[in-house]
């Protein structure tokens, strides 16, 4: 088989809120990339994995059509495209394989500030501007509400000011954009984050093995995103108390200290955030020589 057929192609957003996180995550998995002159393609130097840099709403289609093997994209785009495929009588030939715990946002309904909202019934016969037509249709059908959907791409939040809609349905992260445009969030349709999707097309053994390998590495990086490695000395008598103070640590390693029978060294991976208060509480319990180190990657 030609070696080019063994290369994995991953579709990634070319610019936007997921771009830097996606590139950083793959590089933390050990992938070294060289970007093409046209800025639309990245070649994997040390692994047979390449990136195709595209619009985020093109990613599900590229994966479904087997142009790309994997895609990193927001769940909001995945679900919108899945519904669009179904409504067109097509099958979405991709599957979600991993949640990435970044790019968190929500698809929400928003109304002009001061507008009374008493639930979905307030939307009856109203105009709602959105670029997420299919997800909004699904929501309205589920709520048994008849409303007019106004397709609006770009700055959806200005639609009420232009007089072309009564409400909007758009992505919300901090809510600051809504506030700046005199809008208030009134209902949530979908909680979203970045996910990895994979083509459902049959892959040869070598390609699938490579995908499994990169997904394993991704899992190893994601597991330790907030983790810290703590090393400290502690009195044997305080061992139980100190174990209980280590955040997210199941089984710390306890090592005898040479020549100091009443003290031990404790090493632990803490999967929860280690605050200054955590260290102060450990010290108050008798710990000393505390050292906190970042964890870059881990394979269970």
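The values are calculated or read from the model by the stated rules, or taken from the named source; none is laboratory data. This structure is a prediction, so every number in the text was calculated from the model and none was measured. Note that each Cβ is placed from the backbone with ideal geometry, even for glycine, and that neighbours are counted across all protein chains shown.
Some observations on this one:
- Some residue of segment 28-39 being part of a helix (DSSP H, G or I) and closer than 27 Å to residue 221 by Cβ: yes
- Counting only strands (runs of 3 or more DSSP E) that sit wholly inside segment 187-291, those with at least 2 residues that are farther than 30 Å from residue 171 by Cβ and within 29 Å of the chain's Cα centre (by Cα) are 228-235, 260-270.
- Filtering segment 283-300 to residues that are over 15 Å from residue 226 (Cα atoms) and touching a strand residue (DSSP E or B) at 6+ places or on another chain (Cβ under 6 Å) leaves 286, 287, 288, 289, 290, 291.
Residue-wise test of (1) in the same structural domain as residue 130 (by TED's automatic domain parsing); (2) within 18 Å of residue 72 (Cβ to Cβ); (3) touching a residue at least 24 places away in the same chain (Cβ under 8 Å).
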{"residue": "187", "(1), (2), (3)": "yes, no, yes"}
{"residue": "202", "(1), (2), (3)": "no, no, no"}
{"residue": "213", "(1), (2), (3)": "no, yes, no"}
{"residue": "218", "(1), (2), (3)": "no, yes, yes"}
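- Some residue of segment 247-270 being touching a strand residue (DSSP E or B) at 6+ places or on another chain (Cβ under 9 Å), surrounded by 10 or more Cβ atoms within 10 Å (Cβ to Cβ) and in contact (Cβ under 8 Å) with a residue 40 or more places away in the chain: yes
- If you go through segment 40-74 and keep only what is assigned to a helix (DSSP H, G or I) and without any contact (Cβ under 8 Å) to a residue 40 or more places away in the chain, you end up with 57, 61.
- Verdict on residue 109 being in the same structural domain as residue 140 (by TED's automatic domain parsing), surrounded by 15 or more Cβ atoms within 10 Å (Cβ to Cβ) and part of a strand (DSSP E or B): yes
- Any hit, segment 104-126, residues being closer than 30 Å to residue 212 by Cβ, under 28 Å from the mean Cα position of the chain (by Cα) and in contact (Cβ under 8 Å) with a residue 40 or more places away in the chain: yes
- Only one of 65, 69 that is outside the structural domain of residue 162 (by TED's automatic domain parsing), surrounded by 17 or more Cβ atoms within 10 Å (Cβ to Cβ) and modelled with pLDDT of 90 or more: 69
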